[in-house]
1. If you bin every alpha carbon distance in the chain into 10 Å steps from zero, what whole percent lands in each bin?
2. First compute the accessible area of the chain with a 1.4 Å probe, then give the percent of it belonging to carbon and sulfur atoms.
3. Between Gln159 and residues 5 or more places away or on another chain, which pairs have amide H atoms under 5 Å apart, with H built 1.01 Å from N, and which residues are they?
4. Using DSSP loop states and a limit of at most 12 other Cβ atoms within 10 Å to flag GluC sites (Glu not before Pro), what is the longest stretch of the chain containing no flagged site?
5. Towards the positive end of the charge dipole of the range 2-194, with charges on Cβ (+1 Lys, Arg; -1 Asp, Glu), say which of Ile91, Leu192, Leu73 has the farthest Cα.
6. Apply the Karplus parameterisation 6.51 cos²θ - 1.76 cosθ + 1.60, with θ equal to phi minus 60°, to every residue of the range 145-155 and state each ³J(HN,Hα) to the nearest whole Hz, in sequence, with x for glycine and proline.
7. Enumerate the amide H contacts of Cys109 below 5 Å, restricted to partners 5 or more residues apart or on another chain; note that Pro and chain-start residues carry no placed amide H.
8. Let's see if you can work this out: charge +1 on each Lys and Arg Cβ, -1 on each Asp and Glu Cβ, no other charges. What is the dipole magnitude of the range 85-208 about its Cα centre, in debye to the nearest 20?
Amino acid sequence: MKIFLDTANLDELRRAAEWGIVDGVTTNPSLIAKEGRPIEEQIAKICEIVDGDISAEVVATVAEEMIREGRLLAKIHRNVVVKVPLTRDGIRACSILSREAVRVNVTLCFQPAQALLAAKAGAYIISPFVGRLDDIGLEGMELVRQIVQIYRNYGFKTQVLAASLRMPNHVIASALAGADIGTMPFKVLDQLFNHPLTDRGLEQFLKDWGKVFQEAPAAR
Ligand code: G3P
């Protein structure tokens, strides 16, 4: 499973990129607005940090404007994937942009039938939102499982990107479900490293080494 960061924050992206495990980035209007810079500038900066698919979302709601905005976003950098919401206009925009070879990520997917429409429209990526379904008392991960199954049944090439992942268990479940991509905030990616037995084991190794050879540096 590819790992994407769900942030537009450059410091977070730089820190994570250093680990060499970030395959791409997803942004949305809320995340871009948080950074306070025009989307074209912010996306261009992100493209300098991470060499992979970078999703940039349109804010228009009418298909023709979405298409116009999408074409402009796609010109920022060859890695830009244009993100559109799963509305009737969004699906129409996806069909047209996809035919022009612009790669489209269809976002705000909350049920499998919507994912079927996105695949039919030639979407490059579909983004089911796991955490937001959990928020309303549903089993968000079930949506990812169903989409993976439906796409497999018919050989759709659209990649399933599990979004709105809020905790490490969401990441593990996405991988088990066969999602192509999991996108997560920096905090969740950072949490994936953690296990108390890793810390305790390393501390013991260094202590044992130090007893025989030299004073070992303390484990961090
Ligand atoms: O980028 C879309 C998605 O990942 C948002 O997550 O936590 O705001 O539901 P969240």
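1. Over the chain, the share of Cα pairs per 10 Å bin runs 8, 31, 32, 16, 7, 5, 1, 0 percent.
2. Numbers: 6320 of 11890 Å².
The computed percentage sits at 53.
3. Ile125, Ile126
4. Details: sites that count: Glu18, Glu100, Glu139, Glu215.
That would be 19-99.
5. Ile91
6. Working through the residues one at a time gives 4, 5, 5, 4, 5, 4, 5, 5, 3, 10, x Hz.
7. Ser127, Phe129
8. Values: 13 positive and 11 negative charges, 110 e Å.
Charge dipole of the range 85-208: 540 debye, to the nearest 20.
The values are calculated or read from the model by the stated rules, or taken from the named source; none is laboratory data. None of these values were measured; they are calculated from a predicted model. As a convention, Cβ positions derive from the backbone with ideal geometry for all residues, glycine included, and neighbour counts pool all protein chains shown. When the accessible area is computed, the model is the full protein with side chains, heavy atoms only, and any ligands, DNA or RNA have been set aside. Shrake-Rupley method; radii C 1.70, N 1.55, O 1.52, S 1.80 Å.
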